[in-house]
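Read through the structure below, which is laid out as structure tokens, and then see the notes.
The values are calculated or read from the model by the stated rules, or taken from the named source; none is laboratory data. Everything quoted here is computed from the prediction, not taken from an experiment. Don't worry about glycine lacking a Cβ; one is built from the backbone with ideal geometry, like all the others, and counts go over all protein chains shown.
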């Protein structure tokens, strides 16, 4: 097999002549990764939805239209419409050259005459496959350019806000992003800690490498080492194959450890050892793997209080918080609410095809008066619900009837018999009582952490 042969890739052939199909497949299967043949052109949409093709060979005439070539042109247009990058070679008899030229004008790449010479057919398909590869490369470069331009224009992505607190956060990001300093992000649930982490990565020297996020609160203790450090086949009962850990996956890039405050003391010691030695040893292996990562951690828990209570290692804190970033809750940055609300309104307007939606000043005032225990995430869900449920183009205060207007410190009885509203209120009070500490709130409510997280997502808290 020649080097040219190896580049033919996946080929789709559509022709109502079974002899043509079999002959082409016999020839090309030795030179292509995969050859799909199909007699019925009506199956083209299904075939395009279920696979990708480097080259498509399409007959000009089918049984229903044996001479005009119109059916072939029709299906060519369908293919191009579904995939503008598609490379299509038309199959035609000698007398159909004029039709083939018309097909070229409609977007076909080339044409072959029946009966074909095998060497010429392979050469034609090879050239077409190379064209497809070039188109993909150009498209990739265009997307990369667009991403770069967008990142330059919006270095903080969706991290919106012009309040003093947010300006301070953005200022710190700009100062430390280019360094490899370890960062600890502090803030309540829903304030956007991951957005800060991604902004740091985006503006760092590692931006072209991977950003790997890990929710430490969602990893079972027994799987901690396997998930983060990896394992070898046979290291434990279910280790049926080698697995690379998150540290190794993030090598040369950024590793974001969310909910670091939920890590038990015994696992904190193992994490500290890895950070000190800058290497991991997969379970079942004696070989240390060096790692080069930029570490960003985040938590909603009172770390200093946890250290005093011997719940968090001070030496680990020293290791992870070279720079500390405090992300203020939404109630402390009320002036950002209109900006955020309009941003989410535009986003969900596009998603639900409700681009006519606007928000009244009275509705914005109501949003600014609300205490937002779920922070930006709760605001996002509130806007989404209003976009879906409101009947008028202008969103009014009554469209946010579902917002709990009670003060977070209001201990009065819940004035509703709606179970969902009651449950949401009780959860909010538990979170308020424990300053957003998920573990303590879950214990108070008699729930597992996972169950509480599901309810937080359900109620937009």
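Counting residues that are under 30 Å from the mean Cα position of the chain (by Cα) and more than 20 Å from residue 23 (Cα to Cα), which helices (runs of 4 or more DSSP H) fully inside region 35-140 reach at least 1? First the steps, then the outcome.
Numbers: elements: 44-50, 70-82, 97-105.
Of the helices (runs of 4 or more DSSP H) lying wholly inside region 35-140, those with at least 1 residues that are under 30 Å from the mean Cα position of the chain (by Cα) and more than 20 Å from residue 23 (Cα to Cα) span 44-50, 70-82.
Restricting to region 251-302, and then to whatever is in a strand (DSSP E or B) and over 26 Å from the mean Cα position of the chain (by Cα), can you tell me which residue is surrounded by the fewest Cβ atoms within 10 Å (Cβ to Cβ)?
Here the answer is 290.
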Being surrounded by fewer than 17 Cβ atoms within 10 Å (Cβ to Cβ) and at pLDDT 95 or above: is that true of residue 305 here? no
Can you say whether residue 40 is farther than 22 Å from residue 127 by Cβ, surrounded by fewer than 22 Cβ atoms within 10 Å (Cβ to Cβ) and either modelled with pLDDT of 90 or more or in contact with a strand residue (DSSP E or B) (Cβ under 8 Å, 6 or more places away or on another chain) (or both), as far as the supplied structure shows? yes
Go through (1) surrounded by fewer than 14 Cβ atoms within 10 Å (Cβ to Cβ); (2) modelled with pLDDT of 90 or more; (3) in contact with a helix residue (DSSP H, G or I) (Cβ under 8 Å, 6 or more places away or on another chain) one by one and return the number of the condition residue 30 breaks. (2)
When residue 238 is evaluated against the numbered criteria (1) part of a helix (DSSP H, G or I); (2) farther than 14 Å from residue 317 by Cα; (3) without any contact (Cβ under 8 Å) to a residue 40 or more places away in the chain, which criterion, by number, is the only one it fails? (1)
Which of the residues belonging to region 311-335 are without any contact (Cβ under 8 Å) to a residue 24 or more places away in the chain and out of contact with any helix residue (DSSP H, G or I) (no Cβ under 6 Å at 6 or more places or on another chain)? 318
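Here is a check on your reading of the model: is residue 363 exposed (fewer than 13 other Cβ atoms within 10 Å of the Cβ) and either at pLDDT 90 or above or under 25 Å from residue 216 (Cβ atoms) (or both)?
Details: exposed (fewer than 13 other Cβ atoms within 10 Å of the Cβ): no; either at pLDDT 90 or above or under 25 Å from residue 216 (Cβ atoms) (or both): yes.
In short, no.
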State whether the residues of region 223-231 include one that is within 17 Å of residue 319 (Cβ to Cβ), more than 23 Å from the chain's Cα centre (by Cα), assigned to a helix (DSSP H, G or I) and without any contact (Cβ under 8 Å) to a residue 40 or more places away in the chain. no
Looking only at region 184-196, which residues are farther than 15 Å from residue 261 by Cβ and either at pLDDT 95 or above or buried (at least 20 other Cβ atoms within 10 Å of the Cβ) (or both)? 190, 192, 196
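In region 9-34, which residue that is farther than 20 Å from residue 113 by Cβ and part of a loop (DSSP other than H, G, I, E, B) is farthest from the chain's Cα centre (by Cα)?
Here the residue is 30.
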Return the total of residues in region 201-222 being in contact with a helix residue (DSSP H, G or I) (Cβ under 8 Å, 6 or more places away or on another chain) and closer than 18 Å to residue 300 by Cβ. 6
Checked pairs for region 361-372, first part of a loop (DSSP other than H, G, I, E, B), second crowded, with 16+ Cβ neighbours inside 10 Å, C-beta under 7 Å and 6 or more apart or across chains, list as 370/403; 372/330; 372/378; 372/379
Taking residue 181, is it at pLDDT 80 or above, touching a helix residue (DSSP H, G or I) at 6+ places or on another chain (Cβ under 8 Å) and more than 30 Å from residue 379 (Cβ to Cβ)? no
